[in-house]
Structure formats: structure tokens, C-alpha cells
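Input: a single structure, listed below in C-alpha cells.
Every read-out reported here was derived from the displayed coordinates using simple, explicitly stated rules and does not represent laboratory data. What you see is a predicted model, and the numbers here were worked out from it, not measured in a lab. Methodologically, a virtual Cβ is constructed for each residue, glycine included, from the backbone with ideal geometry; neighbour enumeration extends over all protein chains shown.
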Amino acid sequence: MSTDHISNVAEVKQKILTLIKERGEATTAEIAANFDVSYEAIRQQLRQLEASKLIERQARPNPTGVGRPLRYYTLSAAGDHLFPKQYDELAVELIDAIGDELGPAALRQVLTALTNRQVASWAAQLEGKSLQERLEALKDFYVQDDPYTEVRNGEAGLQLVERNCPFLATALQRPALCSVTVSTLERLLGRRVTREKRFQHGDGCCVFRVHVDEVLEPEQARFRFEED
């Protein structure tokens, strides 16, 4: 990494992360040697990156055998996630491989298993709750305390509005994945659920409508593709 002058804090932090990524681990001195800023300034940025849980620190004996232990910094899982990944491409390839190699029935079986796992992880949390309370709890379906999901109960009926899909890149290419969410909601709520708005249609969100009057019997609450 070059030692060009760094004009802003954000650039310093990004270059520190990149250096650690390239080396696997680095000491404060090794990092500071790559910047035209003071050693103390680098220590301050490392403290901030550690507080943000983007890097982790380990103390090891000084290889010289004398002096204080050295602090080695590595990327945390969150820090490593800032670098390019191809999870979406892998997910699409896996979905296609299952369908192409094993057939549509196998794909349905896999998505059914995913639905079953989601239902099992949520069922106990929703036990004894009203329909409205269950839907309110399911705002955290993807992310705990999700600020981009809300429940509406008005003239349009009971709806779950999702403005941020963590699997959007995959879902845009293979919308069949969204059938897992619809089927999971149906089983947990015991009502038929349809998507009235979709990211795939350019709506900027997904809106899941809960058909309150359409109660699903246990034998009806199973995985289904939205097109079924």
C-alpha cells in the first residue's frame, strides 16, 4: 500500500481495513508504517474500528523475547463482510443446479425444508399471541428490530410492508425464493397470504397482505409456489 497522504478519516479506516485484509493480520507498528500520519493517529483509528466490531485484537508475546506483548489486529466477520462477496451468485447457481440436475420436485422439496425450518424457529415465540401480535412479532422475520418493516391495519386490510430485503439480489433473479416467505407467513399466521407489491415489479418494497377471513386448515398450510 502506498504512503500517499490521507486527507480524511474515512479513507484512513478503509486503508487500514484493506491492509489487514491483504496481510491477514498486522500490528499497530506495521499498519502505521504505511501511512503519512502519526503512530498515535493510527492507534486512535484502530480503537474506533475495534469499537465498531470491524476488527479484533490479539496480544502475543514479543518475538524478541523482551518487552510488552504485541497487539495483532485481524478483521472480524463484520469487517470481512465489507469486502466483495459473491453470495448472491452462489445462491442463484445453487437454486438453478437443484432444479436443473434434480428436477422441479427436488427444488420444491428443498424450499419446503427451508420453510419448515423457519416455521420451527418462530412457532414457540408466537404461541398464545393474537393474529395482530403475531404479525407485529414477524416484523423481525429477517432482521431483529428491523426499522424497514412495518405492520399496517387499515382500509387495505392487514399488511406486512417490507422495504429492505436482505436477499434482494437473489430474489430479483429467482423470485421463487420469495415463496418461502409467503408460505412461512401463512403457516405461522394460519391465514392465506399474498404479495400485493413486489421488488421484482419495481415497487420498491414487498407488501404481504394477510387475508384475515381466509383461515387455513392444517392440511392447507404447506409450502406452495406463489404461482400455484
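Could you pull out which residues in segment 83-127 have an amide N less than 15 Å from a spot 7 Å beyond the Cα of Q173, following the Cα-Cβ vector?
85-100
Along Cα→Cβ, 7 Å out, is where each label goes; now give me the distance between the ones at L70 and A105 in nm to one decimal.
Result: 6.1 nm between the two label points.
Quick one: in the chain, what % of C-alpha pairs are over 30 Å apart?
Details: 12145 of 25878 pairs.
Roughly 47 percent, once rounded to a whole number.
Which angle between 0 and 90 degrees, to the nearest 10, do you get for helix 9-23 versus the longest principal axis of the chain when only C-alpha atoms count?
That works out to roughly 90 degrees.
May I ask you to evaluate 6.51 cos²θ - 1.76 cosθ + 1.60, the Karplus curve with θ = phi - 60°, for each residue of segment 190-195 and list the ³J(HN,Hα) values in order in whole Hz, giving x for glycine and proline?
x, 9, 5, 10, 10, 8
Taking the chain as a Gaussian network, where each spring joins two C-alpha atoms under 10 Å apart, which residue of Q132, Q44, Q173 fluctuates the most?
Q44
For segment 111-228, take every pair of Cα atoms, bin their distances at 5 Å starting from 0, and report each bin as a whole percent.
Per 5 Å bin, starting at 0, the Cα pair percentages come out as 2, 12, 22, 28, 23, 11, 3, 0.
Hey, can you grab everything whose amide H is under 5 Å from the amide H of T27? Only 5+ residues off in sequence or another chain; H modelled, so Pro and N-termini drop out.
Residues meeting the criterion, in which the H sits 1.01 Å from N, are Y73.
Report ³J(HN,Hα) in whole Hz for each residue of segment 121-130, in order, from the Karplus equation J = 6.51 cos²θ - 1.76 cosθ + 1.60 where θ = phi - 60°; Gly and Pro get x.
6, 9, 3, 5, 5, 9, 4, x, 8, 6
Using 0.36 nm per residue of separation minus the Cα-Cα distance, give me the extension gain between S52 and Y148 in nm, one decimal. Walk me through the numbers before you get to the answer.
Numbers: separation 96, 0.36 × 96 = 34.56 nm, distance 2.20 nm.
Difference between extended and current length: 32.4 nm.
Report relative contact order for segment 181-228 in percent, whole number only (criteria: Cα-Cα under 8 Å, sequence separation at least 6).
On the way: 63 pairs, mean separation 19.0, N = 48.
With pairs under 8 Å counted, the relative contact order is 40 percent.
Order 215-221, 50-56 from most to least packed using the mean count of other Cβ atoms within 10 Å. Could you put the intermediate results ahead of the total?
On the way: 215-221: 11.4, 50-56: 15.9.
Going from most to least packed, we get 50-56, 215-221.
Mind grabbing the base-10 log of I(q)/I(0) for segment 159-220 at q = 0.15, 0.21, 0.23 Å⁻¹? Debye formula, identical points on the C-alpha positions, no solvent, two decimal places.
Normalising to I(0) and taking log10 leaves -0.45, -0.81, -0.93.
If amide H atoms are built 1.01 Å from N in the plane of the peptide, which residues on other chains or at least 5 residues away come under 5 Å of the amide H of E214?
Close amide H contacts, sequence-distant or interchain: R192.
Skipping prolines and chain starts, which residues have an amide H placed within reach, meaning under 5 Å, of the one on L70, given they are 5 or more residues away or on another chain?
Answer set, sorted by chain and number: R60, N62.
Please report, in whole Å, how far the alpha carbons of segment 9-80 spread along each principal axis, starting with the longest.
36, 28, 21
Between rounded, prolate and oblate, where does segment 55-116 land on the alpha carbon gyration tensor, with a ≥ b ≥ c its root eigenvalues, rounded for a/c under 1.5, else prolate if a/b exceeds b/c? Present the calculation step by step, with values, prior to reporting the outcome.
Numbers: a/c = 4.60, a/b = 3.92, b/c = 1.17.
It is prolate, given that a/c is not under 1.5 and a/b is the larger ratio.
Can you give me the distance in nm between label points at R117 and F225, each placed 7 Å from the Cα along the Cα-to-Cβ direction?
2.2
Just want to confirm a number: the relative contact order over segment 87-215, from Cα pairs under 8 angstrom separated by 6+ residues, in percent. Provide the component values of the computation, followed by the final result.
Numbers: 151 pairs, mean separation 30.0, N = 129.
Answer for segment 87-215 is 23 percent.
For segment 214-222, in order, what is each residue's ³J(HN,Hα) by Karplus, 6.51 cos²θ - 1.76 cosθ + 1.60 with θ = phi - 60°, in whole Hz (x at glycine and Pro)?
Karplus values, whole Hz, x for Gly and Pro: 9, 6, 9, 6, x, 6, 8, 7, 9.
On the Cα set of segment 1-131, report Rg and Dmax in Å, please.
Radius of gyration, then largest Cα-Cα span, for segment 1-131: 23.0, 66 Å.
Quick one: compute the contact order of segment 1-89, relative version, from alpha carbon pairs under 8 angstrom and 6+ residues apart, as a percent. Each step should come with its number before you reach the end.
On the way: 97 pairs, mean separation 26.1, N = 89.
With pairs under 8 Å counted, the relative contact order is 29 percent.
Mind ranking 138-145, 62-69, 160-167 by how tightly packed they are, going by the mean number of other C-beta atoms within 10 angstrom, highest first? Don't jump to the answer; show the numbers that get you there.
Numbers: 138-145: 14.2, 62-69: 8.1, 160-167: 17.2.
Result, highest mean Cβ count within 10 Å first: 160-167, 138-145, 62-69.
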